[in-house]
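First up is the structure itself, then whatever we jot down about it.
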Amino acid sequence: MNAAIALSLAIFFLIGVPIAVAIGLAAIVGIEAHGRLPLLLVAQRMFAGIDSFPLMAIPLFILAGNLMSAGGISRRLVDLAKALVGGIQGGLACSCVLTCMMFASVSGSSVATTFAIGAILIPAMARHGYPKPLAASIQASSAELGVLIPPSIPLILYGVSTNTSIEQLFIAGIGPGLLVGGALMLTVILICRARGLGLEDGKDRPSLRAATIAALPALLVPFVIIGGIYSGVFTPTEASAAAVAAAIIVSLVFYRELPLRALPNILKRTVVSSTAIMLIISAAALFSFLITRSGLPNDIAAWFNAVFESRFAFLLVVNLLLLLVGMFIETSAAILVLAPILAPIAIAYGVDPVHFGLIVVVNLALGMITPPLGVNLFAACAVAGIPVERIIPQLIWFVLVVFGCLMLITYVPMIALGPVELLVGR
């Protein structure tokens with residue numbers, strides 16, 4: 001059965017079958033190859049895969065991000081970031097990273113962050129003399145913070161698929177998110193100084209006082225989410241509903257930039273994005289059930305134990321595997337298929353499941369800025385109006401920097417687990 005599933009999945013991917021359909025069809029091929037499982041199992045397991053209360057957070061966080069983008073919230077966050085760091089050489093590029101960090105605390109999606117922030121900052125960087133490929137690469141790299149800083153849709157998927165506390169995963173995402181964000185800001189400063197860019201970034205910089213006052217209602221949204229989750233007022237799923245309510249109130253009452261006629265289009269975009277993710281989740285649930293039933297995770301665990309004696313070697317091999325997978329498979333699908341297989345093996349090696357979840361998500365986030373899949377690359381290039389091949393040479397330093405952060409997160413567990421132990425007391 002496993003051979004039939006693997007072969008059919010590879011064929012479907014190669015011929016360009018959509019990810020959700022490819023995973024579902026491969027699972028059906030496996031059922032037929034097994035011969036003793038009823039096809040009724042397909043409907044049962046696919047429904048069970050999305051019959052989960054925490055998954056309600058996904059469409060709600062996507063909706064909150066779309067509301068923020070249309071309601072003027074993202075623009076105020078950009079102005080605040082420019083006021084904070086725009087006065088240094090390369091400050092405009094740094095404000096891109098900082099704004100993505102703030103926007104990530106609501107949207108949970110790297111693609112949403114790319115479009116919402118990139119539409120403002122890529123043209124701004126181009127006006128200030130930044131080459132468009134560099135501006136797009138900065139935006140694409142910064143937007144991956146959308147899946148690291150909580151709330152994060154990939155962290156929700158990991159938690160659901162491995163029965164790991166989503167609240168603890170969100171808290172654990174703080175350290176890696178700040179590490180990657182700080183490293184990216186340092187990188188863009190060094191690049192700007194080496195190339196003589198960003199010398200006039202402070203020209204249209206707003207005053208800190210005015211930008212802060214204007215952004216206070218916008219900051220209400222992440223404050224409600226993060227504060228509510230960490231204080232225990234509501235769960236991550238309930239926080240997603242609070243995020244939508246806060247985004248609507250801020251957009252309609254404070255900024256008054258969200259016309260009611262725009263709501264149908266916002267809801268339509270949210271439904272399309274959510275449906276695509278839910279289809280992948282339901283297909284992956286069937287796929288994971290068959291893989292687990294076949295005993296493949298136990299076979300892989302036995303192979304790892306026989307070949308790699310140390311936890312250090314295991315984590316290195318897993319990182320290399322995930323890097324390769326992330327280049328070719330969409331992040332949500334990769335998490336839902338691989339996490340249930342790899343997480344029990346990691347636990348057997350003594351790796352904390354929350355720590356391992358951050359390793360998986362940070363690693364697969366790299367796939368968002370590496371070809372050929374690289375969803376952030378395509379989104380940033382669409383905003384910048386340039387072909388993808390022009391952005392790739394500019395990405396090398398950013399990929400190396402994020403990979404270096406990944407190694408630190410992998411082998412220094414306290415980067416992820418420190419905030420958890422501080423706030424939860426594990």
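The values are calculated or read from the model by the stated rules, or taken from the named source; none is laboratory data. Predicted model, so just to flag it, every value in this text is computed and none were measured. Cβ placement follows ideal geometry from the backbone for every residue including glycine, while neighbour counts extend to all protein chains displayed.
Here are some notes:
- Close Cβ contacts (under 6 Å, 6 or more residues apart or on different chains) running from residues in segment 59-72 that are under 18 Å from residue 154 (Cβ atoms) to residues that are surrounded by fewer than 24 Cβ atoms within 10 Å (Cβ to Cβ) and among the small types (Gly, Ala, Ser) comprise 59/274; 60/241; 62/273; 62/274.
- Beta carbons closer than 9 Å, at least 6 apart along the sequence or on distinct chains, pair a first residue in segment 196-223 that is at negative phi with a second that is at pLDDT 80 or above and of a type in the set (Asp, Glu) for 206/79; 210/79; 211/79; 214/79; 215/79.
- Residue in segment 57-76 that is surrounded by the fewest Cβ atoms within 10 Å (Cβ to Cβ), counting only those that are among the aliphatic types (A, V, I, L, M) and over 18 Å from the mean Cα position of the chain (by Cα): 70
Residues are listed down the side, and each one gets a yes or a no for (1) without any contact (Cβ under 8 Å) to a residue 40 or more places away in the chain; (2) surrounded by 15 or more Cβ atoms within 10 Å (Cβ to Cβ):
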{"site": "231", "(1), (2)": "yes, no"}
{"site": "248", "(1), (2)": "no, yes"}
{"site": "251", "(1), (2)": "no, yes"}
{"site": "255", "(1), (2)": "no, yes"}
{"site": "268", "(1), (2)": "yes, no"}
{"site": "290", "(1), (2)": "no, yes"}
{"site": "305", "(1), (2)": "no, no"}
{"site": "309", "(1), (2)": "yes, no"}
{"site": "317", "(1), (2)": "yes, no"}
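- Hey, residue 104 in contact (Cβ under 8 Å) with a residue 60 or more places away in the chain, surrounded by 24 or more Cβ atoms within 10 Å (Cβ to Cβ) and more than 20 Å from residue 174 (Cα to Cα) or not: no
- Residue match in segment 22-38 (condition: in contact with an Asp or Glu (Cβ under 7 Å, 6 or more places away or on another chain) and crowded, with 22+ Cβ neighbours inside 10 Å): no
- Within segment 1-35, tally of residues that are over 28 Å from the mean Cα position of the chain (by Cα) and either among the aliphatic types (A, V, I, L, M) or under 15 Å from residue 336 (Cα atoms) (or both): 8
- Total residues in segment 324-335, condition in a helix (DSSP H, G or I), over 18 Å from residue 307 (Cβ atoms) and either in contact with a Phe, Trp or Tyr (Cβ under 8 Å, 6 or more places away or on another chain) or free of Cβ contacts under 8 Å to residues at least 40 places away in the same chain (or both): 3
- Taking the criterion of being surrounded by fewer than 20 Cβ atoms within 10 Å (Cβ to Cβ) and either of a type in the set (Val, Ile, Thr) or more than 22 Å from residue 100 (Cα to Cα) (or both), the residues of segment 394-416 that qualify are 396, 399, 401, 407, 411, 412, 413, 414.
- Test for residue 2: is it out of contact with any Phe, Trp or Tyr (no Cβ under 7 Å at 6 or more places or on another chain), modelled with pLDDT under 85 and crowded, with 17+ Cβ neighbours inside 10 Å: no
- Within segment 7-21, residues that are within 17 Å of residue 32 (Cβ to Cβ) reach partners that are part of a helix (DSSP H, G or I) and of a type in the set (Gly, Ala, Ser) with beta carbons closer than 8 Å, at six or more positions or on different chains, in the pairs 8/26; 8/30; 9/22; 9/26; 12/22; 12/26; 21/283.
- Some residue of segment 299-313 being under 24 Å from residue 16 (Cα atoms) and part of a helix (DSSP H, G or I): no
- Of the criteria (1) farther than 30 Å from residue 38 by Cβ; (2) in contact with a Lys or Arg (Cβ under 7 Å, 6 or more places away or on another chain), which one residue 347 fails: (2)
- Test: residue in segment 195-206 that is at pLDDT 85 or above and outside any helix (DSSP H, G or I): yes
- Residue in segment 77-86 that is in contact with a Cys (Cβ under 6 Å, 6 or more places away or on another chain) and crowded, with 17+ Cβ neighbours inside 10 Å present: yes
- Residue in segment 339-356 that is within 19 Å of the chain's Cα centre (by Cα), on the phi < 0 side of the Ramachandran plot, free of Cβ contacts under 8 Å to residues at least 24 places away in the same chain and buried (at least 22 other Cβ atoms within 10 Å of the Cβ) present: yes
- Listed here are the helices (runs of 4 or more DSSP H) enclosed by segment 336-426 that have at least 1 residues being at pLDDT 90 or above and hydroxyl-bearing (Ser, Thr, Tyr): 388-411.
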